[in-house]
Amino acid sequence: MASTVSRSAGRHATGTKSDLEHWESGPSRTRRGRDPFDTAYARGITEELPEPAVRSRALPPAPFALHGAVITPDGAWSSGYVTVADGVIARVSRRRPTDVPVQETDGVLLPGLLDLHGHPEFNVFAAWEPPRLYDNRYAWRRSTPYQQLVRDPQNRLLTQVPPKTQTRYAEVRALVGGVTGIQGASGASTSTSEPLVRNVDQWAFGAHRARSMVDLPSGSFGLPTFQRVMERIAAGDVTAFYLHLSEGRRGDAVSAKEFQHFLDLGGATPATNVIHGSALTADDLRTLAGAGCRLVWSPQSNLRLYGETTLAGEALAAGMPVALGADWLPSGSTSLLAEMKVARRELAQQGHPVPAADLVAMVTSVAARVAGLDEHLGAVAEGRPADLVVLERHHADPYENVCLADPSWVELVCIGGDVTYARADWFASLSGAAEGTTIEDLVAWGKPMRLDTGFQGGADVPSLSTVRGLLTDAYPAVGPIFA
């Protein structure tokens, strides 16, 4: 059990006492009431969402098979065939099927990647260069440069573009990087229609069994909401609870106090997914591991904002499942594939190098377990939803190939059997729809690709060109997808 650190500990670029008082008074409140940006930032998903309308596909794709190297739950095959039919993986075999058309990929087939920490509405902004290192997230959230570069533009966008617009743009950014499931989108952005990629902390596979919070309760502010989440966990209704915790530098008094408050509130449960935890000590991480907590790690954002990141090697050594998240574009990685590379280097520097297969698991099978969705996602296996990615092959070892990949290597992304993003020369033969208002031809890192943002049907789903136009009209400095 970690002890509370004194108020004078951990002073760096900002005044720790003011940070502590700021957190204790409620980090999302101002004298004039709640700022719309802070409302969006701190909202999370704390209550059960209404079930979204179910829409059928306008033209279900015919069964097909993909041939290439296959990463299966039991290891990687140098050659295998994955058959997709009726939205699921119908067969995984080494023998070429004769009952369906086969697409030769010459690539690596693996489960769709899962990005378990992000703030999708803010991924429209270009990368931010922090002018200095901060003690904790409350310090940079109050900084003038951050307000000018992110907060003020976001306030403007909140009033000038439809609610789904920013999330849809971020979903496309995730999709073209091989990601089929994300965490962190607000319920308001996707509650009335199916998202483009799976939102793992919202409705998934007929249930809403995840919740998320950005800030711990401060005093009585937010406490009833937190307690309701704990009750749902105890009842078994919630199996994944995403919570930002102790995001800052080790030795920071605010982060240490926050961790103790978290423990005092009973927040350490087998359903708790600690996001960041960069200020936690090895002993703190062992405490979390003993309670059955899981870690969602975003090293790039931590390093840029605080100059250090979570002791993820210690977390792994303590037995904590560790998944990755690219956080958001202002301070995080441009893709989950890029975040994997940062995590790999950092683990090696911490004296805890991991095999390529273990790193891939952090964004597939382990990530699915952390999300409480391992019965559905994270594995290329018969009967699972056909959430698949095909990457160009540039390395003999399929696992190493994934670790070396960047978004330009993505050849195909399939969600629930629907081809949503693929090479233009593959799309027509694999998709159930060859043309339509939401099907767009793109040049992605010099490669002709095709995107279908309306693959699940419904007239209210905007195309990428529509979304891009809405955003750039309101904010010309939108961060690019293909960069």
Taking the criterion of being at pLDDT below 95, surrounded by fewer than 21 Cβ atoms within 10 Å (Cβ to Cβ) and on the phi < 0 side of the Ramachandran plot, would at least one residue in the stretch 67-77 satisfy it?
no
For the stretch 213-310, list the helices (runs of 4 or more DSSP H) that sit wholly inside it and hold at least 3 residues that are over 25 Å from Ala338 (Cα atoms) and in contact with a helix residue (DSSP H, G or I) (Cβ under 9 Å, 6 or more places away or on another chain); which are they?
253-264, 282-290
Spot the failing condition for Arg96; the list is (1) buried (at least 21 other Cβ atoms within 10 Å of the Cβ); (2) of a type outside the set (Ser, Thr, Tyr); (3) not in a strand (DSSP E or B), and only one is missed.
(1)
Across the stretch 457-471, what is the number of residues that are under 20 Å from Gly177 (Cβ atoms) and either assigned to a strand (DSSP E or B) or modelled with pLDDT under 70 (or both)?
0
Does any residue of the stretch 112-132 turn out to be within 22 Å of Glu339 (Cα to Cα), touching a strand residue (DSSP E or B) at 6+ places or on another chain (Cβ under 6 Å) and of a type in the set (Val, Ile, Thr)?
yes
Among (1) at pLDDT below 95; (2) crowded, with 18+ Cβ neighbours inside 10 Å; (3) among the hydrophobic types (A, V, I, L, M, F, W, C), which single condition is Phe205 missing?
(2)
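Condition check ((1) surrounded by 20 or more Cβ atoms within 10 Å (Cβ to Cβ); (2) among the small types (Gly, Ala, Ser); (3) under 21 Å from Ile415 (Cα atoms); (4) in contact with a Ser or Thr (Cβ under 6 Å, 6 or more places away or on another chain)) across all residues:
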{"site": "Asp86", "(1), (2), (3), (4)": "no, no, yes, no"}
{"site": "Ile89", "(1), (2), (3), (4)": "yes, no, yes, no"}
{"site": "Leu116", "(1), (2), (3), (4)": "yes, no, yes, no"}
{"site": "Phe125", "(1), (2), (3), (4)": "yes, no, no, no"}
{"site": "Pro131", "(1), (2), (3), (4)": "no, no, no, no"}
{"site": "Tyr134", "(1), (2), (3), (4)": "yes, no, no, no"}
{"site": "Pro145", "(1), (2), (3), (4)": "no, no, no, no"}
Can you confirm whether Leu311 is under 30 Å from Ala234 (Cα atoms), touching a Leu at 6+ places or on another chain (Cβ under 9 Å) and aliphatic (A, V, I, L, M)?
yes
If I filter the stretch 340-351 for residues that are touching a strand residue (DSSP E or B) at 6+ places or on another chain (Cβ under 7 Å) and in a loop (DSSP other than H, G, I, E, B), do I get at least one hit?
no
For the stretch 147-157, what are the residues that are among the aliphatic types (A, V, I, L, M) and either surrounded by fewer than 16 Cβ atoms within 10 Å (Cβ to Cβ) or without any contact (Cβ under 8 Å) to a residue 60 or more places away in the chain (or both)?
none
Based on what the data block shows, is Gly184 within 24 Å of Gly417 (Cβ to Cβ), crowded, with 24+ Cβ neighbours inside 10 Å and modelled with pLDDT of 90 or more?
no
If Lys341 passes every condition in (1) closer than 23 Å to Val172 by Cα; (2) surrounded by 22 or more Cβ atoms within 10 Å (Cβ to Cβ) but one, which one does it miss?
(2)
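The values are calculated or read from the model by the stated rules, or taken from the named source; none is laboratory data. Owing to the predicted nature of the structure, the values given are computational and were not obtained by experimental measurement. Don't worry about glycine lacking a Cβ; one is built from the backbone with ideal geometry, like all the others, and counts go over all protein chains shown.
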